[in-house]
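Working notes for the structure below.
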Amino acid sequence: MRYSSPDAGLRATLTPGVVALVAGVLLVQLGFLLSYIGAFHHPDPQRVPLAVVAPEKVAQRIDALPGRPVEVTAVKDESAARARIMDRDAQGAYVMNPKGDEDTLLVASGGGGPVTEAVKQVGKKVAADQDRKLKVEDISPSGDEDYNSLTAFYLVVGWLVGGYLVASLLGVSIGTRPARPGLAGLRLAGVAVYSVVSGLGAAIIVGPVLHALDGHFMALWWIGALTVFGTAAVTMALEAFFGVVGIGIAVVIFVVLGNPSAGGAFQKQLIPPFWRAIGDWLPAGAGTTAVRNTVYFSGNALASPMLVLSIWAVAGVVLLLIGSMRRREPDLSLPI
C-alpha cells in the first residue's frame, strides 16, 4: 500500500492555475472595496443642475458659490423651471419671488434623496445670504414605500445579479463556449425566456406585492427583461472568449464598477469624477435612471438609458456568436 505525503497533496492542490484563480479573486475583492469606498466615503455636491428664476446678478452669485455645488441655468419663469426638472435637465429650481420676501425651492426627491438634500442645503444658503424666507416644494416625491427613491437601484441590482448568475450557471454546467453559433442561439433563446420571467417577477414584487413602485407594471417588466438579457448575454460572451475568467470580468463590470456609479445610494453629482463619468454607460446606471424616469418623471428622458441597455444586449449577442465561431482550443479550465 502506498501513502502520499501531505506535501505531495498540497503541491497537487496548489497548482499555478489555482494560485492564479485565488489571486484573481483577491484582486476583485480589493477592487470592490476600492470602488465602493472610493465612490461613497465623501459625498460632495458637484455642479448639480439647478434652474434659477431670479435677476441675473442673483443667478450668477448662486452659480459662483464656493466649491461650485450647483450649475445654474437661468429660466424665465416657474413653469419653465418645473419643466426642466420633469425633463431631467435639472435636479431642482430656485424661484425668487419679485413681490415678496419668500422664495420657492422646487425639488424632486423621486430622482434621489441625497441629491435632493444637497439642493435643499444650497437653497437654504442662498435664501439666508439674501435675507429671504424659503419654502420647499417637492414636485415629484418618492413614494411612501420607496424611501429616498432607493427601490429603483435595488431592483436593477437584482436584475443584474440574475443575469450574470444564470449565464455563469450555464457556463459552468454545459461549457463556457458554445460549439457553434446554433448552440449559442439556443442559449440566447433560453436566456431570453428567463429574462422575461425575471422582469415579470420583479415587477410583481415592487408593484402589487410591496407597492414600492406602483402603477408602472408593464414598463418595469420590459425594462427588467432587457436589463437581465443584456447582462446575461454579455456574461456569456465574456465566458466564450475568456472561459471561467469571464465570470470574474462580468462581476467587475456589473458590480465593482457598475453599482457605485449607478446613482443609487448617491446620485452622480455627489460622487467623484471617475464614477460620475462611467455611470450612465453601464447597465446599473442606465437601468436605475430608466426606472426612476418611468416612475417619477412621466417617462421623460428615457431614450438615452434605454439605448445604453439595448447596446449592451446587442453587443452581448454579437460577441457570443463570434465567440462560438472561434477555433476551439484545448480545455484550459482551471483545476480546482
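Could you say whether any residue in the range 297-309 is among the aromatic types (Phe, Trp, Tyr) and open to solvent by 10 Å² or more (accessible area, probe 1.4 Å)? Steps first, please.
First, the residues of the range 297-309 that are among the aromatic types (Phe, Trp, Tyr): 297.
Checking which are open to solvent by 10 Å² or more (accessible area, probe 1.4 Å) leaves us with none.
Checked the range 297-309: no residue is among the aromatic types (Phe, Trp, Tyr) and open to solvent by 10 Å² or more (accessible area, probe 1.4 Å).
Got a number for residues in the range 60-75 being part of a strand (DSSP E or B), open to solvent by 30 Å² or more (accessible area, probe 1.4 Å) and over 20 Å from PRO98 (Cβ atoms)?
1
Filter the range 69-99 for residues that are under 25 Å from the mean Cα position of the chain (by Cα) and of a type outside the set (A, V, I, L, M, F, W, C) and give the result.
PRO69, GLU71, ARG84, ASP87, ARG88, ASP89, GLN91, GLY92
Applying the selection to the range 234-293, what residues are within 30 Å of GLN121 (Cβ to Cβ) and of a type in the set (Asp, Glu)?
ASP280
Taking the range 127-182 as the search range and keeping residues that are in a loop (DSSP other than H, G, I, E, B) and among the aliphatic types (A, V, I, L, M), which one is modelled with the lowest pLDDT?
Residues of the range 127-182 that are in a loop (DSSP other than H, G, I, E, B), as a first pass: 130-132, 139-146, 150, 175-180.
With among the aliphatic types (A, V, I, L, M) added as a condition, the list becomes 139, 150, 179.
Working: ILE139: 97, LEU150: 96, ALA179: 86.
My answer is ALA179.
What are the residue pairs meeting all of these: first residue in the range 45-59, first residue closer than 15 Å to GLY111 by Cβ and open to solvent by less than 30 Å² (accessible area, probe 1.4 Å), second residue outside any helix (DSSP H, G or I) and aromatic (Phe, Trp, Tyr), Cβ atoms under 8 Å, and 6 or more apart or on different chains?
As it stands, the answer is LEU50/TYR94; ALA51/TYR94, since those pairs meet every condition given.
The values are calculated or read from the model by the stated rules, or taken from the named source; none is laboratory data. Since the model is a prediction, treat every value here as computed from it, not as a measurement. Glycine also receives a Cβ, built like all others from the backbone with ideal geometry; neighbour counts cover every protein chain displayed. Calculation scope for accessible area: heavy atoms of the full protein, side chains included, ligands and nucleic acids excluded. Shrake-Rupley method; radii C 1.70, N 1.55, O 1.52, S 1.80 Å.
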